[in-house]
Amino acid sequence: MNSEQLSKLFLPFEKLENTSGYVEGTGLGLAITQKLVKRMEGDINVESKPGKGSSFTIDLDVPTYPEYHEINFQKNQPKVFECQEHKNHNHKNISLQTTQIVSPPKEKLVYLYDLAMSGLINDLLEEVDELEKNDDIFIPFSQAIRQLSEKFQIQKIR
């Protein structure tokens, strides 16, 4: 990519033609990725050599995700029941300003990144919904993804 193309690379709906002239996606993947990386206090950089290719790097300080250990209960111990409200994942009012965002494991991040880069926003949102359902620790992360996608008003565009 030349310097003019690089300056437009992270703009919403900006698409660069490839050598065959075919352009994929909506032009939102890199814009969403950049906003997400900035929200996580990281940096995204690109190096490009015209005619040879481009290399993207993302630099994040990501807290490690603790492993869960199964707890074995003995016969006389009290039982713990989940609160139904907690199970429904009705956590729409969590403030992203005061909550630490914990990112999912690397494999999941790579998959979410690929969906964003491909412009598959609905698939991306379905994946973050599942992530949130599987573990409440990812609620701030999934809310950040939803907020970023809503700012682009995907449904109105389609």
Completion exercise
Checking rank on 34-43, 47-56, 1-10, with mean other Cβ inside 10 Å and highest first, the result is 34-43, 1-10, 47-56
Problem - Set K35/K108; K15/K133; K8/K35; K52/K151 screened for pairs whose C-alpha atoms are more than 24 Å apart - result: K15/K133; K52/K151
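Every number in this text was worked out from the coordinates using simple rules, so none of it is lab data. Because the structure is predicted, anything quoted here is derived from the model rather than measured. Counting neighbours? That spans all protein chains shown, and the Cβs are built from the backbone with ideal geometry, glycine included.
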